[in-house]
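Coordinate-derived values only; no laboratory data. Computed from a predicted structure; not experimentally measured. Methodologically, a virtual Cβ is constructed for each residue, glycine included, from the backbone with ideal geometry; neighbour enumeration extends over all protein chains shown.
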């Protein structure tokens, strides 16, 4: 059988999932397909597929697919007792192993209630749900014992962790607890909203010897008019002000971000403001998404749609600008020493990531996977950063 783990973040991702499922059945009409991920959470197309040959597993149960496939291969029909057990396990959001990786990803939170105008995720994942601190600590301790050098804390809306738990808890206090785990070398945050970065968290990043000096903070637009239409919870000035605070407190910290191009009503002037913001921050990397209208979201029916040709032009312009500011940041590391955790071998190069998330290539050294080493940055090009083992 096949497993299709489908993303539903954009309409383009939906189409790819649909084409893949159709292709599988076309090649082998008798095969069985397990469909999971956000795509399986809520999509009308799934009502029309052959229910006797497919099993739709909700996003929140996908880690139990091996057991479900073995015991319950009946579309949308679970034994009530087994489903209860699955849900009990699911609330712990456990991750057990990451074969062949140097980094382990630990999901500490799921769900979001922000309801940004363009985003389908709250409809797919529901309200925020946090994993308890003691479970997180136990899980990370196990991963460290298994040999992982770096752990990445992930979540749909990481900054709201613990808001649904009792007690005086915060992401900052959790980080302090995790740092005490013996043997853990590096800790990284996957993504966080700028509105959730407070003085306490900035101080934790500045003081920590384990928390990586890198933050992924979605900008989405560099124009207040568009941010307001998107129903984001910050202004451009607040975003840039927070970035400046962090830069002053944490040397060599890097920032990555997400930006939507072509949101309804985005004019040339609005887009120029986004380019300006990108240059001011100096992002290491910008993830660029063309606006994708999603049913159920408020932006789906907004007027003033931007022409596809204009969106493509803006995407390229933003990509060019992002590459230039990334080059400037990486050049600032020339002749400096960075700590690199190596993850793979590519021909004659060992490749890994610095704590500020710069991919670094070292020539002529082999068998460095899962090793954390001091590297001197010796050369930077538009696409690559090269280093030498010290």
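The figures follow:
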{"quantity": "Protection proxy ranking, peptides 370-378, 281-289, 202-210, average beta carbon neighbours within 10 Å, highest first", "calculated": "281-289, 370-378, 202-210"}
{"quantity": "The chain - mean residue ellipticity at 222 nm from DSSP helices (-39,500 (n - 2.57) per run, n ≥ 4, rounded to 500)", "calculated": "-10500 deg cm²/dmol"}
{"quantity": "Neighbour-count ranking [beta-carbon atoms within 10 angstrom, fewest first] of 223, 14", "calculated": "14, 223"}
{"quantity": "Taking the chain and dividing mean pair separation by its residue count, relative contact order in percent (alpha carbons under 8 Å, at least six apart)", "calculated": "11"}
{"quantity": "384, 214 arranged by Cβ crowding within 10 Å, fewest neighbours leading", "calculated": "384, 214"}
{"quantity": "Protection proxy ranking of 216-222, 247-253, 143-149, 114-120 - average other beta-carbon atoms within 10 Å, highest first", "calculated": "216-222, 114-120, 143-149, 247-253"}
{"quantity": "Viscosity 0.692 mPa s, temperature 37 °C, Stokes-Einstein D of segment 198-292 from Kirkwood C-alpha radius, µm²/s", "calculated": "234"}
{"quantity": "Computed over the chain, Kirkwood Rh from alpha-carbon pairs, angstrom", "calculated": "22.9"}
{"quantity": "Candidates 20, 124, 323: whichever shows maximal mean-square fluctuation once the chain is modelled as a Gaussian network with Cα springs under 10 Å", "calculated": "20"}
{"quantity": "Space enclosed by the convex hull of the alpha-carbon atoms of segment 93-212, per residue, Å³", "calculated": "111"}
{"quantity": "Exposure proxy ranking, count of Cβ atoms within 10 Å, fewest first, for 110, 348", "calculated": "348, 110"}
